[in-house]
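Let me give you the structure first, and then I'll get to my questions.
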Amino acid sequence: MAEFVPSPQIRAEAAAWLARLHAQDRDAADEAAFRVWLSASAAHAAAFEAVDRMWSDVGGLKDVRADLRGALVPQRGPVSRRVLLAGVGLLAITGGSALFWRSASAKVYETDVGEQKHVALDDGSQLFLDAKTRISVSFSETARTVDMQYGRANFHVVPDLKRPFIVEAAERRIVATRCNFDVRCEGDQVQVVLIRGEADVKPASASGGQGERLQAGERLVASNDSEKRDKPDLSHVLAWQTGYEMFDKENLAQAAEEMNRYSTYRLEVDPSVAGLKVSGMYRVGDNSAFAHSLAKLLPIAVRQNGDTLLLTTDSDP
């Protein structure tokens, strides 16, 4: 039977539980929530079962193994601290150690609405995070790994022949050595833009050399059911790094959603005008200026209600 390898999402959840269970303020509610998570998915339970099988090859602590089996069964009382920590500990000790301890020791970087951040990594690589982005970074002796949960970031990677630079996003794995590239992750879709150098992009489940090799100037947009490769105008797709967004016949609704990443003044678009096309370069962070600029170019009106700007037809009262 093939070894169970948890998905990046499950690894992230497991790492979060590991941190919570080690926290000084952990309480019975955390333990109950952990038990719910453990029993909520067959994948969660399978991870523990796989660890149990591997632990049997190592030997010892049979009572702990019995406790872990018991943790998989719904209980009324709180799970003991010993059982919880033994469970996550076994995940690290056995075959899943590289995956789970990597997540547990990862540094998390996150930006909010309207916030961008420069990050210098320990190896000298430089990251630039766009607004509404969350990543975790972990280094080992064999790899430098970034788990992108959502958002967009630019990666300026310094070479390390012993440790490839890996970005995992939306079930894709981008493997690089020395290059500069953008990655955007939204739901099950990932967009990779190579600015300089080259990188391999492959499904997270792929083995060997399967995947796409991107060269400078190329873009790959991939999701669960589609994949597209092209050569976009880099000045357009990289405008976000200079505080602008470039639209080229973009639907108004989509343009508004993009601008909402950068401002607490929310744009809402009436369905009657959602399909209007927007083109041009606009500075991000000032949705009021953006909305009123569009009102001069398109048949729309701007109506403000508190922190919300409604874009609607100009014939509305």
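Using a Förster distance of 41 angstrom, determine the FRET efficiency expected from the C-beta separation of Thr177 and Glu268, and round it to 0.05.
E(calc), rounded to 0.05, equals 0.40.
Moving on. How many nm is it between the label spots at Ala43 and Asp122, if each spot is 7 Å from the Cα in line with the beta carbon?
Distance between label points: 2.8 nm.
Of the heavy-atom accessible surface of the stretch 172-283 (probe 1.4 angstrom), what whole percent is carbon and sulfur? List each step's numbers first, then the result.
Numbers: 2470 of 5630 Å².
Carbon and sulfur: 44 percent of the exposed surface of the stretch 172-283.
Right, another one. Label points 7 Å out from Cα along the Cβ direction at Lys296 and Val158: separation in nm?
4.6
Note down the nm distance, to one decimal, between modelled labels 7 Å out along Cα→Cβ at Asp112 and at Ala33.
Going by the 7 Å Cα→Cβ label model, 2.0 nm.
The values are calculated or read from the model by the stated rules, or taken from the named source; none is laboratory data. Bear in mind the structure is a predicted one, so any value in this text is a computation, not a measurement. Here the Cβ is made from the backbone with ideal geometry for all residues, glycine too, and neighbour counts use every protein chain on show. We work out accessible area using only protein heavy atoms, side chains counted, and drop any ligands, DNA or RNA first. Shrake-Rupley method; radii C 1.70, N 1.55, O 1.52, S 1.80 Å.
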